[in-house]
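Every read-out reported here was derived from the displayed coordinates using simple, explicitly stated rules and does not represent laboratory data. None of these values were measured; they are calculated from a predicted model. For neighbour counting, all protein chains shown are included, and Cβ atoms are generated from backbone atoms with ideal geometry for every residue, glycine included.
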Amino acid sequence: MTERRLSSDTRRCALSGQVAMVTGGSQGIGRVISEALAEAGATVVAASRRAEDFLSPAGQRIHGRRLDVENADACHTVVASVQEEFGSLDVLVNNAGIAESVKFLEMDMEHWRRHHCIDVEAPLRLVRAALPMMLERNQGRVISIASIAAEVGFSYVTAYVAAKHALLGMTRSLAAEFAGTSLTFNCVSPYYTNTPMAAAAIRKIVAKTGKSVDQASAHLLSPQGRMIEPDEVAAMCVYLASPSARSITGQSIAIDGGLSATR
């Protein structure tokens, strides 16, 4: 069988003509995903609390839209506005989320509800808003940024773990229900990722405990001895959004340096 290689130009054009929206798309993992999708040729909308346009490192424009995912009406409105302005919404990346820690016996129901509102209900609303046009066009990719916490449990983050399990369950159910279409639904599930949020968490541990930075960050490292980089997550999102991934649906793809294989 002849080996086939994709040129860099082909990779850059993999999503040409596609319209993508990334929630939480202006910072952290979401910003890197937005940039990667744009560099692959997509028209990208970064929907977040901070509505600002920005350029990818390669110079592609990314369109900022204001979105508070806790606002149910706003989720429907932003999808409708993207579809109206750009003619379609082909790739939806549910990236916005929270992960706050608290001991189980100290957790109140507001903590529980907020995690489910942001980490599960917002993706559900966005999918419901985007799906009719995707089905009409028989074209669409829904990619949700979950976590390996969607597969296993962790101490002190019960609400977060439960919400991510629910997000994965929803993704698999959607994949089953719409298996007869060309739409796909997948989760990308990273371990701790090297973002400003992770750096802030490490600083907080250092300040509270007096530990060194290395000591404070030790539990954030994968079995490979490092944190996951945002571009690794973004690259998987680009692949799942591409025609090459048309048969991949209902999956949770772990990017965890082998952690899930050892638990």
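For this structure, a couple of remarks:
- As a length-normalised measure over Cα pairs under 8 Å and 6 or more apart, the relative contact order of region 68-219 settles at 24 percent.
- Efficiency of FRET between Ala218 and Asn138 - r from beta-carbon atoms, R0 51 angstrom, step 0.05: 0.60
- In terms of the mean number of neighbouring beta-carbon atoms within 10 Å, the peptides 231-237, 179-185 order highest first as 231-237, 179-185.
- Neighbour net charge for Ser155 - beta-carbon separation under 14 angstrom, K R +1, D E -1: 0
- Between the listed residues Val19, Ala80, Ala261, the Cα displaced farthest toward the positive end of the dipole of the chain, a dipole computed from Cβ unit charges relative to the Cα centre, is found at Ala261.
- Counting Cα-Cα pairs of the chain in 10 Å increments starting at 0 gives whole-percent bin shares of 7, 30, 37, 20, 6, 1, 0.
- Ellipticity estimate at 222 nm from DSSP helix runs (n ≥ 4, -39,500 (n - 2.57)) divided over the chain, nearest 500: -13000 deg cm²/dmol
- Nearest 10 degrees, 0 to 90: helix 28-39 Cα axis against the chain principal axis: 20 degrees
- Exposure proxy order (Cβ contacts within 10 Å, fewest to most) of Val142, Val22: Val142, Val22
- Summing +1 for each Lys or Arg and -1 for each Asp or Glu among the other residues whose beta-carbon sits under 14 angstrom from that of Trp112 gives -2.
- In this structure the amide hydrogen of Val44, modeled in the peptide plane, comes within under 5 Å of the amide hydrogens of Ala20, His63, none closer than 5 places in sequence on its chain.
- Aspartates and glutamates whose Cα lies under 16 Å from that of Lys204, excluding same-chain neighbours fewer than 8 positions away: Glu100, Asp214
- Between Phe154, Phe178, Phe54, the Gaussian network model of the chain with springs among Cα atoms under 10 angstrom shows the greatest mean-square fluctuation at Phe154.
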